[in-house]
Structures are given as structure tokens and as C-alpha cells.
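The values are calculated or read from the model by the stated rules, or taken from the named source; none is laboratory data. All of these numbers come straight from a predicted model, not from anything done at the bench. Don't worry about glycine lacking a Cβ; one is built from the backbone with ideal geometry, like all the others, and counts go over all protein chains shown. Keep in mind that these areas ignore ligands, DNA and RNA; they rest on the heavy atoms of the full protein, side chains included. Shrake-Rupley method; radii C 1.70, N 1.55, O 1.52, S 1.80 Å.
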Amino acid sequence: MASNKFDVEATTLMVEELRGTFNAGKTRSYEWRVAQLKGIIKMMDDREQEIIEALRLDLGKPEFESAVYEIGMLKSSCARALKELKHWMMPEKVKSSIVAFPSSAEIVSEPLGAVLIISAWNYPILLSLDPIVGAVAAGNVAVLKPSEIAPASSSLLAKYVPEYLDSSAIRVVEGGVPETTALLDQKWDKIFYTGNGRVGRIVMAAAVKHLTPVVLELGGKSPVIVDSDVNLKVAVKRIIAGKWGLNNGQACISADYIITTKDFVPKLVDSLKHQLEKFYGINPLESKDLSRIVNSNHFDRLTKLLDEEKVSSKIIHGGQSDRAQLKIAPTILLDVPEDSLIMSEEIFGPLLPILTVDRLEESFDFIRSRSKPLAAYLFTNRKKLKDEFVRTISAGGIAINDIALHLVVPSLPYGGVGESGMGSYHGKFSFDVFSHKKSVLYRSFVADAPARYPPYSQGKLRLLKALVVGSVLAVISALIGLPEHFGSKDKSA
Ligand code: NAD
């Protein structure tokens, strides 16, 4: 049901229907899960051109980016889940304890129930359906609320999700604040939210009412440190691909700002200017390979960052914009003040400030003094620097000598820390985040140790203490009545 006519009663009814499906056990079978994952792949294949067109309408997203970063990544996520699902669903045998001897133990992954997924506009297809991959792989029913800021993608999802996925278990609700507020008022078994931290706080506050666990996939200012010993040409190309090549900087893990040394910055800037011109031409506002800004609010927000008095004089490349077409050229700024707006909030657009330091190591303190970012990047060949960066910089994820590429490695969890969010997904982490890990212990009726039952005695106490500590020697010495100090030093389990 794609509901445009939306009200609270309809929401309650919808959630009741979904819970009915869940309680009937329909979504638990391996076959059902596989059918949904295959349905997503089929939707991507059948509707590829319509998806590319919706993303062009919403963001002017180049076909290349839509095909690779939205459709391709989503299909790869489904393919991996299909390949691994049997294994993921299998109970995991684990060692039991001497206290429970004889017994066996396992961890059973069970679906949580009904989950709510609220997604953002910048990758409106991927960020909506990739969490659905995890939700259905784990056997849940789900409601997806796409972002109203990408209306063509939102209505495409509302149109095609019911066609390709089981509508008795997966629904799309379109809308903005009132609709999301009504959804948040319902009781969910998990809320998975992608977007900014201000709304993240609203989501978390709403979840408190029903003690609902949340995943918050937020953003932040992701720094890029550039050392002078790098292969400059490769580094610069990767920085450009990880900034302007990701939705023109409107990506949560794109480069937010660069820090390099005062000595090296002229070379870095020259190379960036040169490559930018090679990639996007002398008039980048005309380039077909750059997304536009999503809407006039975000356009005005970004130009305001540039218009701040202490910032506008710092533009050393780009700066052109066209409000009618919602376009802003790749723009580089040098040595903007730390207390400027552009250095205070996540940029989420095509502006790239460069800060300079005397020694690169100083940049680590700068990053540590700010909120923990979603990603942190370092370009260097120095092993010691890499080690220190990985060891001392807290971020959702780190990539050394590249930007954003850690996102495509499904064996790595993707998520934030601190202000950049909580919880993670991708690959098996997507299955886990929508599962409850249930502890199960199997016992039989044999070997029923009387020591745990009253009337209690010193002998029983000694034996139980030894069992709980897991000391084999102490257990033996308690059983055969040796003095208590025997076996007390044994630490074996
Ligand atoms: P957005 O405006 O699309 O909002 C996200 C969702 O929140 C939408 O579905 C919207 O309807 C809902 N929403 C907005 N206001 C609300 C309210 N008052 N109450 C309830 N729901 C409300 O997207 P955005 O926030 O502009 O997205 C950009 C931010 O998201 C950036 O900070 C970016 O870094 C972050 N982001 C993070 C990831 C990630 O994977 N970690 C991915 C993309 C974007």
C-alpha cells in the first residue's frame, strides 16, 4: 500500500496487518526470504531505466553513478545475502559450560518482528532498499518511509515495491514530517533511520516510548589528511571521485575537508585544479557528470556557507553557481577560519575547504577535538602515521589512501560512532542488525547434580563455587573431599 491519503488510523491498521503476517510465521521461511531478495534484484533489472530517470529528476544524478552506486550496489547486497543466507540463518553451535554439564548450547538468530525504515534523499534507492535487504533476510515485516526530498524516487518505490515484494509483509509509506511522526508513534521492534542528527534525536526520543532499539545512520564532517609523500596524481583522482564523484559531495562519507602541510598545499591545489578541469571541463556547471544540488533549500544553505564574509575571500577554485539550475561548481577554499560556518557543520555539497598545518601530526589533535566523524581518510606511505591514525582516530570507518571505498567491502560493518550514529549494517551485519541473537541451552534429564538443591551444605557450596569459577581441580578436590586450598590456584576452565 502506497498511502498518500494518510492518517493515524490507517497507520495503526497497517501495522496490525503486518504483525498478523509476522505472527502467522510467513516471513520466517528461507523460501520467503529468498523470494523477496530475488524480487529486489528483479525490480532493479526490470526498472533500471525508470530508476535512472527518477534519480536524474531528483538529483540530476549521472547515469553512471545511479547504475553503479545505487542499482549495482543494491544488487550486490542482495546477491551476497542470497549466497550466504542459509549459513546466516543456521543456529551457531557454541561451547557450553561445566556448570550446565551435560548440555549443548547454540545461538539462534530470530527475526525481531515489525521494523520501520526511514531513509534519506541523497541515495534514495540504495538507502531505502539496502536496509530492506537486511530486514527481509532476517525474516521481518517492514515499513519503508522514503525521503520526500527525492519525490520521484519515493513514488517509484511506492509504485514498484508492492509489485515485486510481498505486500502483506512490506509496505511503503510516502510522506514528510506528519507521516513520519505518525509512523514513529507506533510500536516497532526496531527503527532504522538514515539522515541528519537533528532528526536522529527525534527518532530516538520517539523510540523511548516503546523501548524500541534504534539504528541511526547519521553523517558528520569526514576529514581527509594528505601527506607529502603520496602518489599525488592517484591521490587527487581518488579525492575527486570521493567528493564530487559521489553525488557532487552530497554523500555522507564524502570528503568534508582536507588537512595538509603548508609546504605541500601548493602542489596539492595545483593538482586538484588540473584534474578537476580534466574531469569536468572548464565550465563544470555544464558537466553531465556532476549531480545538481537536491533543492533550493540546500542550494541556499550551501551558498550561505560560501557567502560568509570571512570565507568568501578564501575561494581559490570554482565558486560559480546557478540557482535556476540548482548547480554549484566544484569549489576549493584555502585556510578558512576554524570558527566559520563551513567548518562548523557538515558541508554535504561540492565545497571543499583545505586547512594547513606545519606538521601533519597536528591534524590528529584537530580531528580528535571534534565530533567523531562517519569516516576519516589518510593519504600517506608512512607506516607509522597509518598505524597512529588507525589507533587514535575514532570514526565510523577509516580508509587509507582512498575515499569511501570501505563502504563497498561487505565484510566491513558500515555505521557511525558518537555523533555520526549508532549500529551498523552491510553484508552479515545487515542480517544481524535485524535479528535477535537468542541464547538456547539444551539439557536432558540425565546427570542431575544434587549439589544445586537444598538443603544446602558446606560441601555443596564448595562444589558449586568450584563449578562456577570453572576450576576442574577445585571441582575434583571438592568431590573427593580434599582440603579447600587444593586446586584453588587452578585457572583452567
Ligand atoms: P532527509 O531530509 O531526507 O531526512 C531523512 C528522513 O527523516 C526523511 O525520510 C524525512 O522524511 C525524515 N524527517 C525529516 N524531518 C523529520 C521530523 N521532524 N520528524 C520525523 N522524521 C523526519 O535527509 P537529510 O537528513 O537531509 O540527510 C542528510 C543527512 O543524512 C546528512 O547528515 C548525511 O550525512 C546523513 N546521511 C547518512 C547516511 C549514512 O549511511 N550514515 C547516508 C545518507 C545520509
Looking only at segment 401-413, count how many residues are within 13 Å of the ligand (Cβ to nearest atom) and touching a helix residue (DSSP H, G or I) at 6+ places or on another chain (Cβ under 6 Å).
-> 2
Unmet requirement for Met14, which otherwise passes all of (1) open to solvent by less than 20 Å² (accessible area, probe 1.4 Å); (2) under 27 Å from Asn295 (Cα atoms); (3) not small (Gly, Ala, Ser) = (2)
Name the helices (runs of 4 or more DSSP H) wholly inside segment 116-218 in which the number of residues that are assigned by TED's automatic domain parsing to the domain that holds Glu48, touching a Gly at 6+ places or on another chain (Cβ under 9 Å) and within 10 Å of the ligand (Cβ to nearest atom) is 3 or more.
-> 197-209
Would you check if there is a residue in segment 195-203 being β-branched (Val, Ile, Thr), surrounded by 19 or more Cβ atoms within 10 Å (Cβ to Cβ) and farther than 19 Å from Leu129 by Cβ?
-> yes
Would a scan of segment 63-78 turn up a residue that is under 30 Å from Leu467 (Cβ atoms) and among the charged types (D, E, K, R)?
-> no
Could you count how many residues in segment 380-405 are outside any loop (DSSP other than H, G, I, E, B), out of contact with any Leu (no Cβ under 9 Å at 6 or more places or on another chain) and not hydroxyl-bearing (Ser, Thr, Tyr)?
-> 6
For segment 347-358, enumerate the residues that are in a loop (DSSP other than H, G, I, E, B) and surrounded by fewer than 19 Cβ atoms within 10 Å (Cβ to Cβ).
-> Asp358
Would you please list the contacts, defined by Cβ atoms under 8 Å and residues six or more apart or on different chains, that run from a residue in segment 452-463 that is under 14 Å from Leu482 (Cβ atoms) to a residue that is open to solvent by 100 Å² or more (accessible area, probe 1.4 Å)?
-> Arg462/Glu484; Leu463/Leu479
In the set Thr380, Thr356, Thr392, which member is farther than 24 Å from Val214 by Cβ, without any contact (Cβ under 8 Å) to a residue 40 or more places away in the chain, away from the ligand (no atom under 13 Å from the Cβ) and not assigned by TED's automatic domain parsing to the domain that holds Val433?
-> Thr392
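Please return the ranges of helices (runs of 4 or more DSSP H) entirely within segment 415-489 where 2 or more residues are open to solvent by 80 Å² or more (accessible area, probe 1.4 Å). Break it down into steps so the answer makes sense when it comes.
On the way: elements: 428-433, 458-469, 472-479.
The helices (runs of 4 or more DSSP H) meeting that bar are 458-469, 472-479.
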Which members of segment 241-261 meet the condition of being buried (at least 21 other Cβ atoms within 10 Å of the Cβ) and part of a helix (DSSP H, G or I)?
-> Gly242, Lys243, Asn247, Asn248, Gly249
Test set (1) touching a residue at least 60 places away in the same chain (Cβ under 8 Å); (2) under 24 Å from the mean Cα position of the chain (by Cα) - Val269 fails condition number = (2)
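Only residues that are within 22 Å of Arg19 (Cβ to Cβ) and either open to solvent by 10 Å² or more (accessible area, probe 1.4 Å) or not small (Gly, Ala, Ser) (or both): list them for segment 101-118, please.
Looking only at segment 101-118, we keep the residues that are within 22 Å of Arg19 (Cβ to Cβ), and these are 108-118.
Within segment 101-118, Val108, Ser109, Glu110, Pro111, Leu112, Val115, Leu116, Ile117, Ile118 meet the criteria.
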Within segment 328-373, residues closer than 20 Å to Leu246 by Cβ and among the β-branched types (Val, Ile, Thr) come out as Ile328, Thr331, Ile332, Ile342, Ile347, Ile354
